[in-house]
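One structure is given below, encoded as structure tokens.
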Amino acid sequence: MTKRRAPATVPPIASLDDRRRPAAPRRLARSQGFVEEVFRLIRADLMSLRIPPDTRISIDSLAREIGVSQTPIREALSMLEAMGLVTKRHFVGYCSAPQLNRKQIDELYEVRLLVEPYAARCAAERMGDDDLRALQQLARSMQPGASRTSYDRFADQDSELHNRIALGSGNALIQDSLARLHSHLHIFRLRFHSEVTTEAYGEHATLVDALIRRDAAAAEAAMREHIQKSYERMVPYAKG
Ligand SMILES: [Zn+2]
């Protein structure tokens, strides 16, 4: 009888040490956090479209390519399934999730536009000074990049930045409902291009600036503009 697997969890954002590390070779040595490393490699492949959407993922080839057994690959895929990046299909196995279609993207941005500018307005008024400083550090550390791993890392950090602002709104329901959308994973997967990260980096600076000044109206406007521009960057790449 096989041991019951622990529920899939999403690993925390990469530590600063991880970020400084140069692009890792694809073969890994066994170590602590090993499954998380495998998870990050596969997620970077999914986010950068190296594994195209709606495509069967061969556990066997991944295991050979990364140089690990099938077990950590299966565990990593199960974590990715919980995030909606892969799906498990009967008689087929794991597949990368299809990209969102135009209607789903429009719906996602509609919800974001309704909720996130308001969250930013509240955060300007309610977020603690220490949290604001940490947010500023995070925004500054988000180096735009076009490599597979830097793109994936940017998507992860972008998700973290928006999550912290939602938390800073002081309304747990706002934070919870935004987190459930996994919007950054789906949005960044529409397109793999350095323009996406470079432009977002500048928009974040304006947004965080307004939050630091505790200018609620400017923070709301900056968030609205950031989401609208993100929509304009991404929607031409939506199918259907
Ligand atoms: Zn953003």
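Can you report the number of residues in the stretch 103-127 which are free of Cβ contacts under 8 Å to residues at least 40 places away in the same chain and not in a helix (DSSP H, G or I)? Looking only at that region, the number is 0.
Would the stretch 154-164 turn up any residue that is free of Cβ contacts under 8 Å to residues at least 12 places away in the same chain, assigned by TED's automatic domain parsing to the domain that holds A222 and out of contact with any Phe, Trp or Tyr (no Cβ under 6 Å at 6 or more places or on another chain)? For the stretch 154-164, residues free of Cβ contacts under 8 Å to residues at least 12 places away in the same chain, assigned by TED's automatic domain parsing to the domain that holds A222 and out of contact with any Phe, Trp or Tyr (no Cβ under 6 Å at 6 or more places or on another chain): absent. Just checking, does the stretch 132-151 include any residue being touching a residue at least 40 places away in the same chain (Cβ under 8 Å), closer than 19 Å to L108 by Cβ and within 13 Å of the ligand (Cβ to nearest atom)? Checked against the condition, which is being touching a residue at least 40 places away in the same chain (Cβ under 8 Å), closer than 19 Å to L108 by Cβ and within 13 Å of the ligand (Cβ to nearest atom), the stretch 132-151 yields no hits at all.
Are any residues in the stretch 88-107 of a type in the set (S, T, N, Q), surrounded by 13 or more Cβ atoms within 10 Å (Cβ to Cβ) and modelled with pLDDT under 95, and if so, which ones? Q99, Q104 - these are the residues of the stretch 88-107 that are of a type in the set (S, T, N, Q), surrounded by 13 or more Cβ atoms within 10 Å (Cβ to Cβ) and modelled with pLDDT under 95.
Matching residues to (1) small (G, A, S); (2) farther than 15 Å from L49 by Cβ:
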| position | (1), (2) |
| --- | --- |
| G145 | yes, yes |
| Q157 | no, yes |
| E160 | no, yes |
| N171 | no, yes |
| Q175 | no, yes |
| R180 | no, yes |
| V196 | no, no |
| A200 | yes, yes |
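Checking each residue in the stretch 128-146 for being within 17 Å of the chain's Cα centre (by Cα) and part of a loop (DSSP other than H, G, I, E, B) picks out M142, Q143, P144, G145, A146. Look at (1) closer than 24 Å to S150 by Cβ; (2) assigned to a loop (DSSP other than H, G, I, E, B) and you find that D54 fails only one, number (1). All of (1) within 11 Å of the ligand (Cβ to nearest atom); (2) in contact with a Gly (Cβ under 7 Å, 6 or more places away or on another chain); (3) in contact (Cβ under 8 Å) with a residue 60 or more places away in the chain hold for F188 with one exception: (2). Regarding E107, is this residue in contact with a Ser or Thr (Cβ under 8 Å, 6 or more places away or on another chain), under 17 Å from H182 (Cα atoms) and of a type in the set (D, E, K, R)? When the stated conditions are applied, E107 does not pass them.
Just to check your reading of the model, which residue among R21, R40 is surrounded by 14 or more Cβ atoms within 10 Å (Cβ to Cβ), modelled with pLDDT under 95 and either of a type outside the set (A, V, I, L, M, F, W, C) or in the same structural domain as A146 (by TED's automatic domain parsing) (or both)? Even if it seems obvious, please write down each step before you answer.
On the way: R21 fails: surrounded by 14 or more Cβ atoms within 10 Å (Cβ to Cβ).
When all the criteria are applied, what remains is R40.
Have a look at D158, D130, D60, D54 and point out the one that is at pLDDT 90 or above, closer than 30 Å to I212 by Cα and surrounded by fewer than 14 Cβ atoms within 10 Å (Cβ to Cβ). If you could, list the steps in order and put the result at the bottom.
Values: D158 fails: surrounded by fewer than 14 Cβ atoms within 10 Å (Cβ to Cβ); D60 fails: closer than 30 Å to I212 by Cα; D54 fails: closer than 30 Å to I212 by Cα.
Exactly one of D158, D130, D60, D54 is at pLDDT 90 or above, closer than 30 Å to I212 by Cα and surrounded by fewer than 14 Cβ atoms within 10 Å (Cβ to Cβ), namely D130.
Considering only residues that are within 13 Å of the ligand (Cβ to nearest atom) and more than 13 Å from the chain's Cα centre (by Cα), which ones fall in the stretch 197-210? Passing the criteria: T198, E199, A200, Y201, G202, E203, H204, A205, T206, L207, V208.
Residue check: I165 meets all listed conditions (1) farther than 15 Å from H226 by Cα; (2) within 14 Å of the ligand (Cβ to nearest atom); (3) among the β-branched types (V, I, T) but one, namely (1).
The set of residues from the stretch 211-223 being within 12 Å of the ligand (Cβ to nearest atom) and over 17 Å from A155 (Cα atoms) comprises just one member, A222.
Within the set Y201, Y231, the sole residue that is part of a helix (DSSP H, G or I) and closer than 18 Å to D156 by Cβ turns out to be Y201.
The values are calculated or read from the model by the stated rules, or taken from the named source; none is laboratory data. Not measured: the values here are computed from a predicted model. Counting neighbours? That spans all protein chains shown, and the Cβs are built from the backbone with ideal geometry, glycine included.
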